[in-house]
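J.: Before I ask anything, here is the structure I am working with.
The values are calculated or read from the model by the stated rules, or taken from the named source; none is laboratory data. In this text, all values refer to a predicted model and were calculated from it rather than measured experimentally. Neighbour counts are summed over all protein chains in view; Cβ atoms, including those assigned to glycine, are modelled from backbone coordinates with ideal geometry. Accessible surface areas use protein heavy atoms only, side chains included; no ligands, DNA or RNA. Shrake-Rupley method; radii C 1.70, N 1.55, O 1.52, S 1.80 Å.
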Amino acid sequence: MSSTDQEASVSGTPKRTGGRRTNAPTMRDIAEATGVSQSTVSRVLSGTPTAVPIAESTRKRVKETARRLGYRPNPLARGLRGAPTMLLGVIVRDVTDPYFGGAIEAASLEANRRGYNVVLGHAHRSADEAQALTSILEARHCDAILFLGDLRDRTGLVEDLKDCRIPVVAVWHGSRESGIPTVSVDNRSGIAAIVDHLVDLGHERIAFAGPKRLGDITEREEAFVASLHGHGLDTPAHYRVETANTYDGGEDAFERLMALAEPPTAVVAPTDVIAIGMLHGALRRGLEVPGDVSITGFDDIPVAEFSVPGLTTVRMPTAAMIGAAVDLAIGPEEVHGDIHPVLEPELVVRGSTGPVPRK
């Protein structure tokens, strides 16, 4: 054995050839470098409780050596041993939706705070893709899966999720019973607050524009109708417009509503993306917001505060919802399909709403 090889063997540093590491550091390397047993290294790095306490100085030495050597646990090997892999799978409905960007960041922060890493999958709004991703994440030995957002086509998806061998928790599916744990926002409360705000400003001709077949947005439209009826106001069919959950969709819906013989004085959008598209539509038409028409959103994505004018919207408790979902997914208690925590949103009034135009 050369002197270099001897040094590598004693220090626990993986051998390198031509500047490239030829083998990843192992627990045996760490044990040799720290002078403790491999079983002690394993218990320190896994956090496994021990009958005989391990000295804090030993724990610190093992962790510092592991960090210095660049040790990385093998999730697959841990999974095969039955130990937690410390991987949390996250399947998101649509990564192009600005709201889900913040949700993914919140999920990563919550996971990392608990010592987990996130494996991300994009369902492309397809139930079939979501089912395939679920199988992939199971095969990669994730400890649990978060499912963010509803899907347009849900055929067979819930049954597939219920059959998972690992916990699955859904967020933003709407609060309907689905047989899997869900964390939802109180859509009815949020929309009721918007309608109350608009009615207090004197609006009676209030429209709604949003996509169909999405759990949360369906609840928001139902809440819109119920809230207007609660104020004694009608909801004519031509004031409820179907459109895509995109900026272009918002602009298109606004054009159709403003082309009516008696256009609304206020429009409620179930997402900020649609609402901001409407603000752009008003600008193109030369209409003042809120002088000619008021516009509201839902979600409070970061750009909502910086739109012109600032968007009146409903702030989603994103971090709290993700925290609750992660607790359910990887917490110590077994979760059941009848667990459905619902969190309260908050109305945020900005410059896009004002008194009804006096014309």
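J.: Heavy atoms only, probe 1.4 Å: what % of the accessible area of the stretch 235-310 goes to carbon and sulfur, would you let me know?
T.: Details: 1730 of 3150 Å².
Carbon-and-sulfur percentage of accessible area, whole number: 55.
J.: Each residue of the stretch 188-195 in turn: what ³J(HN,Hα) in whole Hz from Karplus with 6.51, -1.76, 1.60 and θ = phi - 60°, glycine and Pro shown as x?
T.: Working through the residues one at a time gives 5, 5, x, 5, 4, 5, 5, 4 Hz.
J.: Give the long-range amide H neighbours of Gly121: residues separated by 5 or more places, or on another chain, with amide H under 5 Å away, using H modelled in the peptide plane at 1.01 Å from N.
T.: For Gly121, whose amide H was placed from the backbone, the distant partners under 5 Å are Val90, Ile91, Val92.
J.: Would you kindly state how much longer the chain becomes between Leu283 and Arg68 on full extension, computed as 0.36 nm times their sequence separation minus their alpha carbon distance, in nm to one decimal? Spell out each step's value before the answer.
T.: On the way: separation 215, 0.36 × 215 = 77.40 nm, distance 5.71 nm.
This chain segment gains 71.7 nm when fully extended.
J.: Whose amide H sits under 5 Å from the amide H of Leu343, counting only residues 5 or more places off or on another chain, with H placed in the peptide plane?
T.: Ser184, Val185, Asp186
J.: Can you pull the accessible area of Tyr71 for me, 1.4 Å probe, Å² to the nearest 10?
T.: Roughly 40 Å² of Tyr71 is accessible to a 1.4 Å probe.
J.: Right, something else. Considering only the other residues whose Cβ falls under 9 Å of the Cβ of Leu233, what net charge follows from Lys and Arg at +1 and Asp and Glu at -1? All intermediate terms of the calculation are to be shown ahead of the outcome.
T.: Details: positive: Arg205; negative: Glu204, Asp234.
Here the charged neighbours net out to -1.
J.: Simple spin-label model, 7 Å along Cα-to-Cβ: Thr246 to Val303 in nm?
T.: Computed distance between label sites Thr246 and Val303 equals 1.3 nm.
J.: Take the alpha-carbon centre of the stretch 291-309, take the same for the stretch 219-242, and report the distance between them in whole Å.
T.: If you average the Cα positions of each part, the centres end up 20 Å apart.
J.: Each residue of the stretch 299-308 in order: what ³J(HN,Hα) in whole Hz does its phi give by Karplus 6.51 cos²θ - 1.76 cosθ + 1.60, θ = phi - 60°, with x for Gly and Pro?
T.: 2, 6, 5, x, 5, 4, 5, 9, 5, 10
J.: Something else now. Tally Lys/Arg at +1 and Asp/Glu at -1 over every other residue whose Cβ is under 11 Å from the Cβ of Arg285; what's the total?
T.: On the way: positive: Arg284; negative: Glu251, Glu255, Glu288, Asp292.
Every neighbour counted, the sum reads -3.
J.: Based on the mean of other beta carbon atoms within 10 Å per residue, what is the order of 166-173, 306-313, most packed first? The partial results should precede the final answer.
T.: Working: 166-173: 23.5, 306-313: 19.5.
Descending packing order for the listed peptides: 166-173, 306-313.
J.: Below 11 angstrom from the Cβ of Leu347, what's the summed charge of the other residues (Lys, Arg +1; Asp, Glu -1)? All intermediate terms of the calculation are to be shown ahead of the outcome.
T.: Values: positive: Arg315, Arg350; negative: Asp196, Asp300, Glu344, Glu346.
Net charge around Leu347: -2.
J.: Once you charge only the Cβ atoms, +1 for Lys and Arg and -1 for Asp and Glu, what is the size of the charge dipole of the stretch 207-359 about its Cα centre, to the nearest 20 debye? Intermediate results must be reported in sequence, preceding the final value.
T.: Working: 11 positive and 23 negative charges, 158 e Å.
The calculation lands at about 760 debye.
J.: Can you compute 3J(HN,Hα) from phi for each residue in the stretch 108-118, using the Karplus curve 6.51 cos²θ - 1.76 cosθ + 1.60 with θ = phi - 60°, rounded to whole Hz and x for Gly and Pro?
T.: Rounded to whole hertz, the list is 5, 5, 5, 5, 4, 4, 9, x, 9, 10, 9.
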